[in-house]
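Heads up: the structure comes next, in structure tokens.
Derivation of every value follows stated rules applied to the coordinates shown; laboratory data play no part. Keep in mind that what you see is a predicted model, and the values were worked out from it rather than measured. Using ideal geometry, Cβ is built from the backbone for each residue, glycine included, and neighbour counts are taken over all protein chains shown.
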Amino acid sequence: MKKFDPILSVKKAASNQSIRLGEKTFQKKEKADGFFTEVANVFLFISQTIKELFSRNFEFKEFLNQCFQIGNKSVSLISITGLIMGLVLTIQSRPALIDFGAVTMLPGMVAVSIIREMGPVITALICAGKIGSGMGAELGSMKVTEQIDAMEVSATNPIRFLVVTRVLAATIMIPLLVLYADAIGIMGSWMGANIKGDVSFILFFSQAFSHVDFADFLPAVVKTFFFGAVIGFVGCYKGYHAGRGTESVGKAANSAVVLSSLLVIVVDMIAVQVTDMIQQ
């Protein structure tokens, strides 16, 4: 039977504790290194994209193709979303305005709400789900099947062909989709106002746009360009830097949707603060 040595047991406990602390420190260092590496990769990716954007050999045909994929194939979804947005907002707001005797303010209130905030944000979130996931999955599958590596071997710049065209197409087409959604939303508001009332089309739109100023319209349009750029950059980055396994395609699409939706909300918050500071 071994004799119990308290000094030896204390030394072993201290040694085990130091080993565990060393492992935790190493793990935290790896996480920190991974975070800073990811930030550096993001800035490098953005700088390469901006550099290739102003290159001479711009892929114009691929840009038009991406505009068609982003714009035309999203019209049906944006139409349904905009129509329901205006319809629901009108149906829910009408009873409260009737209680205050301000039902005549309904067209202007709905128009300002849709143009300034609801139209751009909801449309951008819908596009983040559809367009961002599509870019992440498409580029991720190309990464897994080594098509991007094949493009580099064949002297084709993948950043210029794949990323620049998609980012620029998203930056241009999403503002157009937002304007279309605003128009459809106001149309849906007119339909909602006629469910329990009788308002002519011309009278409703004249009352709606009589309350809309240029200061309401311009900031809402400007921030949609940033929404499009954020969605394009995030979707392309997540897909371009996907892993080699087939599971990475789904992860790239999922992370592209989550991150782009979050950044759309953050950009909107910043835009609202900047607009408020300018208008004061």
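Numbers below:
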read-out: Label of the coordinate-derived value, Rg/Rh (Cα atoms, Kirkwood Rh), listed as [x] 1.06; [y] 1.19; [z] 0.98; value: [y]
read-out: For the chain, built as a Gaussian network whose Cα springs stay under 10 Å, the top-fluctuating residue of D268, D99, D216; value: D99
read-out: Net charge, G136 excluded, C-beta distance under 15 Å - Lys, Arg +1, Asp, Glu -1; value: +3
read-out: Mean Kyte hydropathy of 1.0 or more with a Cα span along the axis of at least 18 Å, helices from DSSP in the chain; value: 75-99, 165-193, 214-240, 247-279
read-out: Local electrostatic count at G235 - Lys and Arg +1, Asp and Glu -1, tallied over other residues with Cβ under 11 Å; value: +2
read-out: Selected from L44, L89, L263 as most flexible by GNM, with the chain as the system and alpha-carbon contacts under 10 Å; value: L44
read-out: Within the chain, helix-based [θ] at 222 nm, where runs of 4 or more DSSP H residues each add -39,500 (n - 2.57), nearest 500; value: -27000 deg cm²/dmol
read-out: Label-point gap, in nm, between M191 and V75 - each point 7 angstrom along Cα→Cβ; value: 1.7
read-out: For the stretch 211-278 and the stretch 137-193, distance of Cα centres in Å; value: 12
read-out: Environment charge of R166, counting only residues whose C-beta is closer than 15 Å and scoring Lys/Arg +1, Asp/Glu -1; value: +2
